Amino acid sequence: MTIIVTGGAGFIGSNFVFHMLNKYPDYRIVCLDCLTYAGNLSTLEPVMDNPNFRFVKESITDREAVYKLFEEEKPDMVVNFAAESHVDRSIENPEVFLDTNIKGTAVLMDACRKYGIKRYHQVSTDEVYGDLPLDRPDLFFTEETPIHTSSPYSSSKAAADLLVLAYHRTYGLPVSISRCSNNYGPYHFPEKLIPLMIANALNDKPLPVYGEGLNVRDWLYVEDHCKAIDLIIHNGRVGEVYNVGGHNEKTNIEIVKIICKELGKPESLITHVADRKGHDMRYAIDPTKIHNELGWLPETKFEDGIKKTIKWYLENKEWWETIISGEYQNYYEKMYAHREEI
Ligand code: NAD
Ligand code: TDX
């Protein structure tokens, strides 16, 4: 079995590469990643010498390079993690999101049509459903919830999902899609809420909470997401969408306070800043389908997962300090300087 894993040098993709090489010692895992700001080759160092692993630095938007790789590897499956993934960046500059997330998906699926494939899996997000109101805790996203996006990021992911389903219907491509809630865990890029707050708190820097911090996200430990995708590509039905989430809703302010407590840092570091444009209020997944069909259930409780994650950031300072001492400084200055304190 040969699987092309795109975006494997990023947060979830790298965790998936480790999971698969560990669990299936006879599989060949080929990581296709062009190493944007979010891709980090040092993350993959532990598997670089594994004879069942190959890293290829190319973009999923480069048709020639993708076709060449398919000719060389004749993959049985493709799992597409590669994407521009940060909502705030999409608000500043949508174009690269359209290129990578939409065109890149089409190029990969064209290669799958040309060379044949057992499964093309698209890693999508609950953000394609838009958001839920705070005063309706009885509502959850199901696979039937209409697509209703808020940001350029979620719109590009939704467009990709629609293309994936269209390639299934039109060309009979054997596809599947997973729509997961917010992940957290090791190798999470420090532009995202949890690692950003951990890094800032450890440096005694202000913790910039957008607005009142009452927006709700449904947090899932990254390993649980990887296990869900593993189940879907092996046992999930072709042409189907599976929601992935663990009924673990928390407001942003709760998350930041937990991080302060775990690190022994004062809550006075918390600074309320200008809100994100179009900020989604609440995400909440109903995972009944994947549970009933594939027996998936999240295994890591948030209380344990957040402790493990913080421990990882404490033990792997070099990984994130290298990131935040580079180009990230310009990013941080640009994105947060204009966010006035409120
Ligand atoms: P990430 O930003 O950490 O990593 C993205 C990876 O894709 C990087 O290694 C980057 O170099 C690579 N990449 C970007 N453009 C590429 C291109 N044109 N060609 C090849 N590689 C390219 O992202 P993540 O948080 O690991 O998210 C992975 C996937 O999961 C994305 O599709 C995202 O939409 C989805 N997702 C993320 C979450 C979350 O909470 N992080 C939740 C649900 C779904
Ligand atoms: O500095 C911050 N302050 C803050 O209050 C940052 C970076 C975020 N936030 C808020 C915005 C959100 O309500 O925290 C919440 C989480 O923000 P992000 O970490 O940027 O995640 P989110 O926008 O929810 O999107 C994530 O989950 C779904 C991933 O980045 C997406 O790729 C995934 O599809």
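Hey, rough spin-label estimate for residue 318 and residue 58, points 7 angstrom out along Cα→Cβ, what's it come to in nanometres?
Using points 7 Å along Cα→Cβ, the separation is 3.2 nm.
Under 16 Å from a point 7 Å along the Cα-to-Cβ line of residue 23: which residues of the range 104-121 have their amide N that close?
From the range 104-121, the list is 121.
Using label points projected 7 Å from each Cα along Cα→Cβ, tell me how many nm separate residue 247 and residue 342, to one decimal.
Placing both labels 7 Å along Cα→Cβ, they lie 3.3 nm apart.
Counting DSSP beta bridges with both partners in the chain, what percentage is antiparallel, nearest 5? Show your work: numbers first, answer last.
Working: 5 of 41 bridges.
Rounded to the nearest five, the antiparallel share is 10 percent.
Could you please tell me the mean projected area of the C-alpha convex hull for the range 64-148, averaged over all directions and given in square nanometres to one decimal? Before the final figure, lay out the partial values.
Numbers: hull surface 29.5 nm².
Averaged projected area of the range 64-148's Cα convex hull equals 7.4 nm².
Counting Lys and Arg as +1 and Asp and Glu as -1, each charge on the Cβ, what is the dipole of the chain about the Cα centre in debye, to the nearest 20? It would help to have the intermediate numbers written out before the result.
On the way: 37 positive and 51 negative charges, 111 e Å.
In debye, rounded to 20, the chain gives about 540.
Loop sites only, by DSSP: take the GluC sites (Glu not before Pro) in the chain that have at most 10 other C-beta atoms within 10 Å and name the longest stretch containing none of them. Don't skip to the answer; put the middle values down first.
On the way: sites that count: 144, 327, 340.
Longest site-free region, per DSSP loop and neighbour criteria: 145-326.
Roughly speaking, what is the stretch gain from residue 1 to residue 162, that is 0.36 nm per residue apart minus the C-alpha to C-alpha distance, in nm to one decimal?
So the extension gain works out to 55.2 nm.
At residue 303 and residue 68, where each label point lies 7 Å from the Cα along Cα→Cβ, what is the point-to-point distance in nanometres?
Those two pseudo-labels are separated by 5.4 nm.
Mind pulling up the Rg/Rh value for the range 8-93? Radius of gyration and Kirkwood radius, both on Cα.
Values: Rg = 13.4 Å, Rh = 13.7 Å.
Rg/Rh: 0.98.
What percent antiparallel are the DSSP beta bridges of the range 177-328, to the nearest 5? Could the numbers behind the result be given before it?
Numbers: 3 of 14 bridges.
Antiparallel bridges make up about 20 percent of those DSSP assigns within the range 177-328.
If I model the chain as equal point scatterers sitting on the Cα atoms and use the Debye formula, what is log10 I(q)/I(0) at q = 0.11, 0.13, 0.14, 0.15 Å⁻¹?
Results for the chain at q = 0.11, 0.13, 0.14, 0.15 Å⁻¹ read -0.70, -1.00, -1.18, -1.37.
Quick note: the coordinates plus some simple rules give every number you see, no bench work behind them. Predicted model only: the values in this text are computed from it and were never measured. A quick note on method: Cβ atoms are made from the backbone with ideal geometry, for glycine too, and the neighbour counts reach across all protein chains shown.
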